[in-house]
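Visitor: Encoded as structure tokens, here's the structure I'll be asking about.
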Amino acid sequence: MSLILQSEKMIYVDENITPDDDVITPFEYRDVKIKKDENPSDKYTILPELGRGSFGTVFLCKDKQNNMELAVKVVGYKKKKEKIMMETEIDILASLHHPTIICIYDAFDYGNKLYCFMELIQGGELFERVIDEDFILTERACACFIRQICDAIEYMHSKRIIHLDLKPENVLCLSKQGNRIKIIDFGFARRYDPNKNLQVMFGTAEFSAPEVVLFEDIGPFTDMWSIGVICYVLLSGLSPFVGADDYETMTNVSFAKYSFEYASFDQISPVAKDFIEKLLVKESSKRMKAKNALKHEWLIQLDSLPPGVTLSLTKTKLKRYVILRRWRKAALSVMFINKLNKLSNSHLINNY
Ligand code: PIT
């Protein structure tokens, strides 16, 4: 049972479920290789758009053979580099078999586009779900979500794969009632060789680790910082490093200074704060690893504690946070369209 109904509509997540029982994967893991010169439309019907993000465009679709609903990410490529990036993403996804990671179903390279068919996840983004009127947000519910994220990341790190873009938008809920989540978007994920140095210059400033903004060596520890930021936001509705713009945010991240001196944190337990403190450590080598995060008292004690107080102030602040992000996303797409229009206009001018 993943749901306790309190009064008529209130939803209490039953955090006693460990992430591994009641596994909801709609199909058996498949050995996916990219099919070439096969038209995906022969096997699948592509339906309306599901969403757009840093990951590109994802459409709803159906397997014509068994009528199973799926999600498909379609990426057109012009340059060899773009193709290689998407191939890496598909290859990484195909090597990950975990209940808290989106499951790949099929892949095609056809007509200068790469198609990645995946399981359909219908519960929406985690933060959208927790701000719902019916959802009772408690520290235990937060710990239940964070434990599943740590579980997936520990699995990835054990396979020497790093995600590098962990943020709330990339955590989806399986349903509107249960507590299960899945991690999506492996567009920035990398195979990691501990003997080789790796720097990157991408991701979302607000959730990026100091080593990313300072262009220093990154590694599995980079994902752990992002989990610390997600956890801070989930428990308080506040973003620890966000500034007026990306430059200010990156400066804040580089100093790695943050505080729990806000009213939202009054209701948060010392053990939860200790969990965050062990992740938001500037020196990457001293940061808590995924394996140890799963052994941290905050995630271990989860099963034995009562649900605890509802975090009403956090929820109010989270609502504001989510609405602001929606606005920013909308503004960014308008800016993008304007830029495209300008580009195509200048193209017209240049051609006349
Ligand atoms: C869904 C439903 C939905 C979005 C997605 C899947 C997106 C998945 C996705 C997974 C990736 C990736 C990009 C997007 O690189 O609303 O079932 O691994």
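The values are calculated or read from the model by the stated rules, or taken from the named source; none is laboratory data. Quick caveat, the model's predicted, so the values are computed rather than measured. Note that each Cβ is placed from the backbone with ideal geometry, even for glycine, and that neighbours are counted across all protein chains shown.
Visitor: Within region 308-323, is even one residue of a type in the set (A, V, I, L, M), in a loop (DSSP other than H, G, I, E, B) and over 23 Å from the mean Cα position of the chain (by Cα)?
Guide: Yes, because at least one residue in region 308-323 is of a type in the set (A, V, I, L, M), in a loop (DSSP other than H, G, I, E, B) and over 23 Å from the mean Cα position of the chain (by Cα).
Visitor: Of the conditions (1) over 22 Å from LEU238 (Cα atoms); (2) surrounded by fewer than 20 Cβ atoms within 10 Å (Cβ to Cβ); (3) not β-branched (Val, Ile, Thr), ALA290 satisfies every one except a single condition; which number is it?
Guide: ALA290 satisfies all of (1) over 22 Å from LEU238 (Cα atoms); (2) surrounded by fewer than 20 Cβ atoms within 10 Å (Cβ to Cβ); (3) not β-branched (Val, Ile, Thr) except (2).
Visitor: Filter region 197-213 for residues that are of a type in the set (A, V, I, L, M, F, W, C), surrounded by fewer than 21 Cβ atoms within 10 Å (Cβ to Cβ) and closer than 15 Å to GLY228 by Cα and give the result.
Guide: ALA205, the sole residue that qualifies.
Visitor: Okay, moving on. Filter region 76-95 down to the residues that are among the hydrophobic types (A, V, I, L, M, F, W, C), in contact with a strand residue (DSSP E or B) (Cβ under 9 Å, 6 or more places away or on another chain) and more than 9 Å from the ligand (Cβ to nearest atom) and list them by number.
Guide: Hits for region 76-95 are MET85, ALA94.
Visitor: So, one more: May I ask you to list the residues in region 133-158 that are small (Gly, Ala, Ser) and away from the ligand (no atom under 16 Å from the Cβ)?
Guide: ALA141, ALA143, SER158
Visitor: Being more than 19 Å from the chain's Cα centre (by Cα) and either over 19 Å from TYR110 (Cα atoms) or away from the ligand (no atom under 12 Å from the Cβ) (or both) is the filter here, so list the residues in region 50-72 that pass it.
Guide: Once the filter is applied, which keeps residues that are more than 19 Å from the chain's Cα centre (by Cα) and either over 19 Å from TYR110 (Cα atoms) or away from the ligand (no atom under 12 Å from the Cβ) (or both), region 50-72 yields LYS62, ASP63, LYS64, GLN65, ASN66, ASN67, MET68, GLU69.
Visitor: Separate question: Is it fair to say GLU133 is within 19 Å of SER264 (Cα to Cα), surrounded by 22 or more Cβ atoms within 10 Å (Cβ to Cβ) and of a type in the set (D, E, K, R)?
Guide: no
Visitor: While we're on this one: Provide a single number: the residues in region 164-209 that are modelled with pLDDT of 95 or more, assigned to a loop (DSSP other than H, G, I, E, B) and away from the ligand (no atom under 15 Å from the Cβ).
Guide: Count: 2.
Visitor: Next question. So the check is Cβ under 6 Å with 6+ separation or different chains; which pairs have a first residue in region 112-132 that's more than 14 Å from the ligand (Cβ to nearest atom) and a second one that's part of a helix (DSSP H, G or I)?
Guide: Going by the 6 Å Cβ cut-off, the qualifying pairs are ILE131/LEU318; ILE131/LYS319; ILE131/VAL322.
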